[in-house]
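Novice: Once you've had a glance at the structure underneath, I'll fire off some questions.
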Ligand code: ARG
């Protein structure tokens, strides 16, 4: 059971007629975890604003609500403190019962949702034919993590990689292929040669000396869209090469999709969309272009240019329609850069006018990855940073850390060269992903290898280390943890550190609920970090292998085990692997 949401529901009932639904929602946000165990485990602080609005003493309002509050099965009787704080303490016997159930449960006590929804998740979506760069990390890892958490909670998720496989970048490589192809290089390594052509043509078309190239590239793109056989043939030749390139990175990131329906897939549905918009009176002609004018918006949304070309927005409308017809989702989430905020605002407003049905359309936007200088992360020469290079560097730095760690062990070295290599790959990629996921998605963050690979702090390295440390305790004590788990050993929570760890373990379900509420994986990383902290305190204060009695030792081993399994599951839901030794 998810403690905080349950408390909120019970308080919602107990508030009764005292507030309307919208006020209740605000008041219920004032139920939080306590910052100090003196004030219980959770605190409800709504009686002050509510009392003020009602013109009644907050303590009296608090008492009235508590009178109707039904939480006895998992909480002790609430206490009113100070001006009207309501302090809530979870019952120890309930904690023990729930922890015992979690030990025996593959899902660690996390229930599936009562009302599963169907989500389409649109994430990663690079424009292929150009190398993936640092900007693609966020969409890819945030989307992947949301996908995993939603599925774990019991929702149906259709992941769809809406790749840009039909845009001007193909005009560029077609033009480059026709004018600058190095045949041998293409034969040896097509991916690299296409990337070179892309960069070359892009540079030339930006330069003033070649004013003819820009229009020529647009011409090639237009011919492709019009079905020119030669350009279509080249496009068909390039696509598998481009797909191979991104798939290699996805394999390394351990990210996969149910569908990869790129922009090209919708090409022959675009005309129909525009015709429909005109027919419904939603779009009209303006200066030769077809536009949707939306109430309250200064600029219209273009769906067809003067020259007849369709736009990004047109494709996205066709995509919504296809998804609604094919997957019948309750929600479509777009994990896309915040700079596309306007596009999605217009898109969703237009979709509502068309009437695609009852669906939550949501732009899950995110901020920019910055360099040390506080500007978007670039290489020294000012180019965007290639994603593959970043992965390589993270892994190589992780290798140094793994080697140093291993060498510092009393019985060093513990790991073979192959072990070290494998662990470095896992640790390096994990660091990169976790660093991204642990920042609030709506903020920018500064990219730093040193920070993301730190052994202390809210990093994957620290979490993986915490996990590996538990495994090393089991090895050291020759513990058959499975046998203890299945042997019905009892959990006790006599010391404050044990109780705090136990409560934190049970907050896993709550953390997952909160993480999908506003689609924020950083609420899950934050939870895991808190959990690791509680575990550290517990481990400092409570002997495990040298516990005073066998009963106590088994109870503490179970707490260690549940901690490790929760960390492993939590990391898995972030798309991150653990290692048994580090
Ligand atoms: N390919 C686009 C870009 O790189 C992102 C696509 C996001 N998804 C969507 N349905 N618009 O900017």
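The values are calculated or read from the model by the stated rules, or taken from the named source; none is laboratory data. What you see is a predicted model, and the numbers here were worked out from it, not measured in a lab. All Cβ positions, even for glycine, are placed from backbone atoms using ideal geometry, and neighbour counts span all protein chains on display.
Novice: Against the definition (in contact with a strand residue (DSSP E or B) (Cβ under 8 Å, 6 or more places away or on another chain), closer than 24 Å to residue 511 by Cβ, surrounded by 12 or more Cβ atoms within 10 Å (Cβ to Cβ) and at pLDDT below 95), how does residue 30 come out, yes or no?
Specialist: Details: in contact with a strand residue (DSSP E or B) (Cβ under 8 Å, 6 or more places away or on another chain): yes; closer than 24 Å to residue 511 by Cβ: yes; surrounded by 12 or more Cβ atoms within 10 Å (Cβ to Cβ): yes; at pLDDT below 95: no.
No.
Novice: Now for a different question. If you check 274, 299, which single one turns out to be outside any strand (DSSP E or B), over 17 Å from residue 125 (Cβ atoms) and touching a strand residue (DSSP E or B) at 6+ places or on another chain (Cβ under 8 Å)?
Specialist: Values: 299 fails: touching a strand residue (DSSP E or B) at 6+ places or on another chain (Cβ under 8 Å).
Of 274, 299, the one residue that is outside any strand (DSSP E or B), over 17 Å from residue 125 (Cβ atoms) and touching a strand residue (DSSP E or B) at 6+ places or on another chain (Cβ under 8 Å) is 274.
Novice: I'd like the full set of residues that are outside any helix (DSSP H, G or I) and touching a helix residue (DSSP H, G or I) at 6+ places or on another chain (Cβ under 9 Å), limited to region 324-356.
Specialist: The first filter runs over region 324-356 and keeps only residues outside any helix (DSSP H, G or I), leaving 328-337, 355-356.
The answer is 329, 332, 333, 334, 335, 336, 337, 356.
Novice: Give 524, 505 a once-over and let me know the one that is assigned to a helix (DSSP H, G or I), buried (at least 19 other Cβ atoms within 10 Å of the Cβ), touching a residue at least 40 places away in the same chain (Cβ under 8 Å) and under 19 Å from the mean Cα position of the chain (by Cα). Give the derivation first.
Specialist: Values: 505 fails: under 19 Å from the mean Cα position of the chain (by Cα).
When all the criteria are applied, what remains is 524.
Novice: Here's another thing I want to ask about it. Within region 121-156, track down each residue that is under 27 Å from residue 236 (Cβ atoms) and either within 11 Å of the ligand (Cβ to nearest atom) or free of Cβ contacts under 8 Å to residues at least 60 places away in the same chain (or both). Full working, then the answer.
Specialist: So in region 121-156, the residues under 27 Å from residue 236 (Cβ atoms) come out as 122-133, 136, 139-140.
122, 123, 124, 125, 126, 127, 128, 130, 132, 133, 136, 139, listed by residue number.
Novice: Moving to a separate point now. When you scan region 125-136, do you find a residue that is in contact with a helix residue (DSSP H, G or I) (Cβ under 8 Å, 6 or more places away or on another chain) and farther than 16 Å from residue 245 by Cα, even just one?
Specialist: Going residue by residue through region 125-136, those that are in contact with a helix residue (DSSP H, G or I) (Cβ under 8 Å, 6 or more places away or on another chain) are 125-134, 136.
When the remaining residues are screened for being farther than 16 Å from residue 245 by Cα, the result is none.
Taking every residue of region 125-136 in turn, none turns out to be in contact with a helix residue (DSSP H, G or I) (Cβ under 8 Å, 6 or more places away or on another chain) and farther than 16 Å from residue 245 by Cα.
Novice: Run residue 352 past the list (1) more than 13 Å from the ligand (Cβ to nearest atom); (2) at pLDDT 95 or above; (3) surrounded by 15 or more Cβ atoms within 10 Å (Cβ to Cβ); (4) over 22 Å from residue 166 (Cα atoms) and report the number of the one that doesn't hold.
Specialist: Evaluating residue 352 over (1) more than 13 Å from the ligand (Cβ to nearest atom); (2) at pLDDT 95 or above; (3) surrounded by 15 or more Cβ atoms within 10 Å (Cβ to Cβ); (4) over 22 Å from residue 166 (Cα atoms) leaves (3) as the failure.
Novice: Give just the number: which of (1) part of a helix (DSSP H, G or I); (2) within 14 Å of residue 317 (Cβ to Cβ) does residue 290 not satisfy?
Specialist: Here residue 290 meets the rest and fails (1).
Novice: Give just the number: which of (1) within 16 Å of the ligand (Cβ to nearest atom); (2) within 17 Å of residue 168 (Cα to Cα); (3) modelled with pLDDT of 95 or more does residue 273 not satisfy?
Specialist: The number of the failed condition is (2).
Novice: Filter region 399-411 for residues that are exposed (fewer than 11 other Cβ atoms within 10 Å of the Cβ) and not in a helix (DSSP H, G or I) and give the result. Steps first, answer last, please.
Specialist: Going residue by residue through region 399-411, those that are exposed (fewer than 11 other Cβ atoms within 10 Å of the Cβ) are 404, 408, 410-411.
Once the filter is applied, which keeps residues that are exposed (fewer than 11 other Cβ atoms within 10 Å of the Cβ) and not in a helix (DSSP H, G or I), region 399-411 yields 408, 410, 411.
Novice: I would also like to ask the following. Please go through region 380-398 and give me each residue that is free of Cβ contacts under 8 Å to residues at least 12 places away in the same chain, within 19 Å of residue 435 (Cβ to Cβ) and either touching a strand residue (DSSP E or B) at 6+ places or on another chain (Cβ under 6 Å) or in a loop (DSSP other than H, G, I, E, B) (or both), ordered by number. Break it down into steps so the answer makes sense when it comes.
Specialist: Quick first cut of region 380-398, residues free of Cβ contacts under 8 Å to residues at least 12 places away in the same chain only: 380-383, 389, 392.
Still in the running and within 19 Å of residue 435 (Cβ to Cβ): 389, 392.
Residues satisfying the conditions do not exist here.
Novice: Being within 13 Å of the ligand (Cβ to nearest atom) and more than 22 Å from the chain's Cα centre (by Cα) is the filter; apply it to region 321-341 and report the residue that is surrounded by the most Cβ atoms within 10 Å (Cβ to Cβ).
Specialist: To start, the set of residues in region 321-341 that are within 13 Å of the ligand (Cβ to nearest atom) comprises 321-323, 332-341.
Narrowing further to those that are more than 22 Å from the chain's Cα centre (by Cα): 321-322.
On the way: 321: 18, 322: 15.
Among them, the one singled out is 321.
Novice: In the list 357, 367, which residue meets the criterion of being away from the ligand (no atom under 11 Å from the Cβ) and farther than 30 Å from residue 522 by Cβ? Give the derivation first.
Specialist: Working: 367 fails: farther than 30 Å from residue 522 by Cβ.
357 is the lone residue from the list that is away from the ligand (no atom under 11 Å from the Cβ) and farther than 30 Å from residue 522 by Cβ.
Novice: Among the numbered criteria (1) modelled with pLDDT of 95 or more; (2) in a helix (DSSP H, G or I); (3) out of contact with any strand residue (DSSP E or B) (no Cβ under 9 Å at 6 or more places or on another chain), which one does residue 491 miss?
Specialist: The failed condition is (2).
Novice: How about region 158-210: which of its residues are in a loop (DSSP other than H, G, I, E, B) and either surrounded by 20 or more Cβ atoms within 10 Å (Cβ to Cβ) or touching a helix residue (DSSP H, G or I) at 6+ places or on another chain (Cβ under 9 Å) (or both)?
Specialist: Going through region 158-210, the residues in a loop (DSSP other than H, G, I, E, B) turn out to be 161-163, 165-167, 181-182, 189, 207-210.
Hits for region 158-210 are 161, 162, 163, 165, 166, 167, 181, 182, 207, 210.
Novice: Looking at 115, 59, 68, 91, which is the one that is without any contact (Cβ under 8 Å) to a residue 60 or more places away in the chain, surrounded by fewer than 19 Cβ atoms within 10 Å (Cβ to Cβ), under 28 Å from the mean Cα position of the chain (by Cα) and away from the ligand (no atom under 16 Å from the Cβ)?
Specialist: Working: 59 fails: under 28 Å from the mean Cα position of the chain (by Cα); 68 fails: under 28 Å from the mean Cα position of the chain (by Cα); 91 fails: under 28 Å from the mean Cα position of the chain (by Cα).
Answer to the check: 115.
Novice: Next up: Could you list all residues from region 412-432 that are part of a helix (DSSP H, G or I) and over 23 Å from residue 450 (Cα atoms)? Spell out how you get there, then give the answer.
Specialist: Step one: of region 412-432, the residues part of a helix (DSSP H, G or I) are 417-432.
417, 418 - these are the residues of region 412-432 that are part of a helix (DSSP H, G or I) and over 23 Å from residue 450 (Cα atoms).
Novice: I'd like the full set of residues that are in contact (Cβ under 8 Å) with a residue 40 or more places away in the chain and either loosely packed, with under 13 Cβ neighbours inside 10 Å or not in a helix (DSSP H, G or I) (or both), limited to region 216-250.
Specialist: 244, the sole residue that qualifies.
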